[in-house]
Structure formats: structure tokens, C-alpha cells
Amino acid sequence: MFEGSPHQEDAAVAIAAAVEAGEAVRDLYEHAAASTYAKADGSVVTDADFAADAIVRRVLAKRRPADAILTEEGQDDSARLVEHRCWIVDPIDGTQQFVERTGDFDVLVALAVDGEPVVAASVQPSTGLLCVAVAGAGAWTGIAGVEDLERVRYDAVPEPPRIATSIWFGAPNNLGALDAIADRIGGSTVDHTRIGFTPRLFLGNRPCDAILGFRTTGRDQFMAYEWDFAVGDLFIHEAGGCLTDLDGVRFRYNRMPPTFARGLIATVSPALHDRLLTATRAELTERGLL
């Protein structure tokens with residue numbers, strides 16, 4: 001499926017790393033064998049995060065030893081900034097969900113070349129769902145360990161389009177503004193404020209057609225880290241959707257600091273993205289937030 005892509009082998013590396021890490025996470029999850037610790041910022045980390053991080057590092061060190069790595073559970077090294085190739089890793093995206101035993105968490109592995117994501121792979125350990133995307137070669141899903149993958153293309157946007165946000169991206173403080181933005185495009189809002197930002201976001205019986213991220217307490221604020229967005233970014237675009245910040249600019253990766261502060265607009269179609277971008281900027285400008 002990736003034949004002819006210059007990143008065919010990189011995709012194999014990403015899949016191998018995500019799948020092996022996912023197996024280790026699943027084992028710890030099923031046996032309730034991961035201790036939990038508090039980070040300095042108050043968030044949680046577990047033995048499963050550390051195990052997944054070690055596995056991904058080992059796979060990359062063996063198969064891509066010259067590449068840089070940026071990972072949530074590792075010490076950042078500014079030397080990565082001069083490297084053309086940088087792997088961006090979230091050993092467990094959704095650690096709180098791991099702790100709460102909801103099953104709603106993923107291992108995320110992406111490769112950025114000159115700031116652009118070109119390969120992405122994720123595994124949901126609790127189900128084995130594998131999501132893969134390669135720049136120019138599409139987005140694909142399947143089950144980890146099963147060779148056959150199915151190509152993903154988002155279907156038509158229903159009317160009215162369903163718009164959501166998340167507690168990770170400004171809810172509940174932004175819900176009033178979200179309702180107003182939805183009204184501007186004749187859309188509706190859905191109550192799904194715990195939705196995560198993973199390749200699974202718009203799959204299957206998707207809960208929404210777009211997700212907006214913005215905060216109501218200032219112009220430039222922390223929204224996410226690079227490892228939160230890199231895999232979903234490439235997957236959404238390769239599946240036919242669109243993802244930008246509130247200025248309509250695509251995200252760039254392997255930067256310092258590795259954070260984003262200008263919001264999020266993710267949709268299943270470029271046309272819906274354009275409508276939401278215009279409506280969001282108009283509404284937030286009126287509210288003095290842009």
C-alpha cells in the first residue's frame with residue numbers, strides 16, 4: 001500500500017515501534033500492573049508510559065539511529081532542531097484514561113521531515129486498532145498484527161455539521177462561544193467534551209464532524225504539545241480532512257518549544273474547515289479573543 005513512497009520503510013519502522021509498545025502497554029493494562037506517579041505539572045505518568053517510551057526508543061535506535069527523537073517522557077535535546085528528520089512520540093496519549101481504565105488511550109509515533117509530518121502510526125492497546133498514514137499515500141486502519149489494512153476516506157459532511165470541543169481544548173469555558181460559532185454556519189454542537197485528539201477522532205460512527213480548540217482567557221496560550229498533534233495531523237489530511245490553527249496555518253513540527261498556542265480547527269473536509277475558520281475568527285474577534 002505504500003509502494004513507491006520514499007517513506008515506505010519509515011512507515012514499517014513506525015508501525016513496528018507502535019505495535020510493540022502497544023503490546024507492552026496492553027499487558028500492563030490487563031494485569032493492572034502499572035504504578036502511577038505525579039509529574040511536576042500535576043499530570044500523571046505510569047510504568048506503562050515508561051515501558052512504551054523505552055520500546056519506541058529501542059526500535060528507533062536500531063533502525064533509524066541517525067534520526068532525532070522528541071518524546072513526552074524524555075529529556076528534550078535542542079540538538080534535534082538542526083536535524084531534518086525527527087521522530088515525535090507520545091508513549092501513551094491519554095494516560096489519565098489508562099489510569100481510569102476507560103480503554104481510550106493510544107501509542108503515537110510520527111516522523112517529521114523538515115517540520116512536516118510524513119509518517120504516522122498509532123495503536124490503541126485496549127482494542128489493537130492500528131492507524132497509519134504516509135504523506136501522499138493515504139490513511140489506513142486495521143488490527144495490529146494483521147497485514148491487511150483498509151484505506152480511510154471521510155464520507156460526506158451531514159447537515160447540519162456537528163461541532164465539538166474538548167476539556168483538553170478549552171471546554172467548558174468555551175462552550176458559549178462554540179454554540180455561537182456553530183450558529184454562524186448553521187451547525188449544531190454535540191456534548192462530547194472528553195473526546196481525545198487521535199486518529200480515531202473521525203473514524204466509524206464519528207461523534208462529530210469537526211473539533212475546535214480555543215481558550216477564552218487570552219490570545220496566545222498553551223493548547224498542546226507536538227506529540228499530541230503529529231499523528232492525528234497527518235492522518236486527518238491523508239483521509240481527506242483538514243487541520244490548522246485559528247489563523248488557518250498548518251502546524252509545523254520539531255520546533256522549540258514543542259508547543260502550540262493558536263488553537264485548533266480539525267474537520268473531515270476542507271470545505272467545512274473553510275466555513276468554520278471564517279466563523280470562528282469572526283466570533284472570537286467580536287469577543288476580543290483574536
* Restrict the check to segment 51-58 and report whether at least one residue is farther than 30 Å from HIS192 by Cα and β-branched (Val, Ile, Thr). => yes
* To do: Scan segment 105-126 for residues that are outside any strand (DSSP E or B) and either within 18 Å of the chain's Cα centre (by Cα) or not assigned by TED's automatic domain parsing to the domain that holds VAL44 (or both) and jot them down.
  => PHE105, GLY115, PRO125, SER126
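Give the residue that is modelled with the highest pLDDT, with candidates limited to residues of segment 34-64 that are in a loop (DSSP other than H, G, I, E, B) and more than 19 Å from GLY128 (Cβ to Cβ).
Step by step, filter segment 34-64, then rank; the result is ARG64.
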* To do: For residues that are surrounded by fewer than 19 Cβ atoms within 10 Å (Cβ to Cβ) and either out of contact with any helix residue (DSSP H, G or I) (no Cβ under 9 Å at 6 or more places or on another chain) or in a strand (DSSP E or B) (or both), tally how many sit in segment 128-161.
  => 13
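Looking at segment 66-104 only, could you name the residues that are more than 23 Å from PRO257 (Cβ to Cβ), touching a residue at least 24 places away in the same chain (Cβ under 8 Å) and either buried (at least 24 other Cβ atoms within 10 Å of the Cβ) or of a type outside the set (Lys, Arg) (or both)?
The answer is GLN97, PHE98, VAL99, GLY103, ASP104.
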* Structure fact -> Restricting segment 1-33 to residues that are part of a helix (DSSP H, G or I) and without any contact (Cβ under 8 Å) to a residue 40 or more places away in the chain, the one nearest to ILE143 (Cα to Cα) turns out to be GLU20
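The values are calculated or read from the model by the stated rules, or taken from the named source; none is laboratory data. Everything quoted here is computed from the prediction, not taken from an experiment. Glycine gets a Cβ as well: all are built from the backbone with ideal geometry, and neighbour counts include every protein chain shown.
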